[in-house]
1. Taking the simple approach of a point 7 Å from Cα along Cα-to-Cβ for both LYS256 and LYS334, what is their distance in nm?
2. So what's the back-of-envelope 222 nm ellipticity for the chain, counting only DSSP H runs of four-plus at -39500 (n - 2.57) apiece and dividing by all residues, rounded to 500?
3. List the pair-distance distribution P(r) of the chain, using every Cα-Cα distance, as the percent of pairs falling in each 10 Å bin from 0 up to the bin containing the longest distance, rounded to whole percents.
4. Give me the one-decimal nm value for the distance between modelled label points at LYS137 and ARG276, 7 Å along each residue's Cα-to-Cβ direction.
5. Figure the gain on full extension for LYS44 and ALA67 (residue separation times 0.36 nm, minus the Cα-Cα span) and round it to one decimal in nm.
6. Just tell me which lysines come within less than 21 Å, Cα to Cα, of LYS114; anything on the same chain fewer than 8 places away is out.
7. How far is it, in nm, from the label point at LEU347 to the one at LEU207 when both lie 7 Å from their Cα along the line to the Cβ?
8. Would you look at the GNM of the chain, springs on alpha carbons closer than 10 Å, and say which of CYS264, CYS193, CYS182 moves the most?
Amino acid sequence: MYRENTKKINIGEKVIGGGSPIAIQSMTNTRTEDIEATVAQIHKLETAGCEIIRCAVPTIEAAGALAEIKKQIHIPLVADIHFDYRLAIAAIENGADKIRINPGNIGDSERVRKVVEKAKEYRVPIRVGVNSGSLEKELIDKYGKVTAEGLVESALDKVRMIEDFGYDRIVVSIKSSDVMMCVKAHEKLAKECSYPLHVGITEAGTLLAGNIKSSIGLGLILNQGIGDTIRVSLTGDPVEEIKSAKIILKTLGLRKGGIEVVSCPTCGRTKIDLIRLANQVEHMVADIPLDIKVAVMGCVVNGPGEAKEADIGIAGGVGEGLLIKKGEIVKKVKEEELLETLRQELLNWNE
Ligand code: SF4
């Protein structure tokens, strides 16, 4: 697996690469200058399971705010910088645990050198981020359009530039909203460099489209053993990104823990409000630290069978449901009491 052979890099106290567990990231969408709002959002993301957080640093005030933000949060903080190398330097001086830059858009190599020198001084890793939307014209001309080859060449050029300045705490990311191009680029990149890879599908879209594209893209990439840290990009509340990332990793068998809820799609046999119940159950179990499967099924045809496969489950009837535990029907419960009954069972779970 590629990811077992990537270089280990410390981002604050979090280690990525070298076969470490894949870290889940997100990005705040508050104004970073607004310390209170940014810290509040990071706290929500931490609770949801975010392990590394990135903030945009578009101004010197934002770079300055990082110092205070860092004091109030519990996960590593990454500064996202475009265009102005001085912001990268200020972000490092203000305690950023990693910076994300595209060396192609922060000016001449002298400016890149200054950023690298500062990163070296503070031992702060640099994520080289290449995006299909900002691929250099020469590489578009060389390959005829934006291609996976062009993206990889661009990323490796930037990596070499940083290496030439004597630094190798590097993480690489290549992003494209074209899912299959992104997959191809990662396959190629993983063969050509051993730095940890930050994987994501950029501009994936709103909740539905974004989740589908990210699941396919990340699924194809991660399942080949490629990728050391991930971000699911969604146009929406960043907490949703964390929920999606966790489900993707669990589905691929790359992360354990947490309650998995399975629920039936409902059909003409469903006689309880199962859609609402399944959503309530999913929400209710989010903070319960058990590693079990909960089934929420609509009827007694497939319901009990499916529920028996799970550790605990509900099979709906008419205005009531069966509570099934470890394959055994435990009791009948009125529909309106199903959620609370299940909650109590989970809170008192002792296996
Ligand atoms: S479990 Fe029952 S209600 Fe749900 S889809 Fe299957 S048959 Fe329909």
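The values are calculated or read from the model by the stated rules, or taken from the named source; none is laboratory data. Values in this document were obtained by computation on a predicted structure and should not be read as measured data. So basically every Cβ, Gly included, is an ideal-geometry build from the backbone, and we count neighbours across all protein chains shown. Keep in mind that these areas ignore ligands, DNA and RNA; they rest on the heavy atoms of the full protein, side chains included. Shrake-Rupley method; radii C 1.70, N 1.55, O 1.52, S 1.80 Å.
1. 4.1
2. Values: 12 runs with 147 residues, N = 351.
Per the formula, -13000 deg cm²/dmol.
3. Binned Cα distances yield the sequence 6, 23, 28, 21, 12, 8, 2, 0.
4. With each label placed 7 Å out from Cα toward Cβ, I get 6.0 nm.
5. Numbers: separation 23, 0.36 × 23 = 8.28 nm, distance 1.93 nm.
The LYS44-ALA67 span can extend by a further 6.4 nm.
6. Those lysines meeting the cut-off are LYS98, LYS158.
7. Using points 7 Å along Cα→Cβ, the separation is 2.7 nm.
8. CYS264
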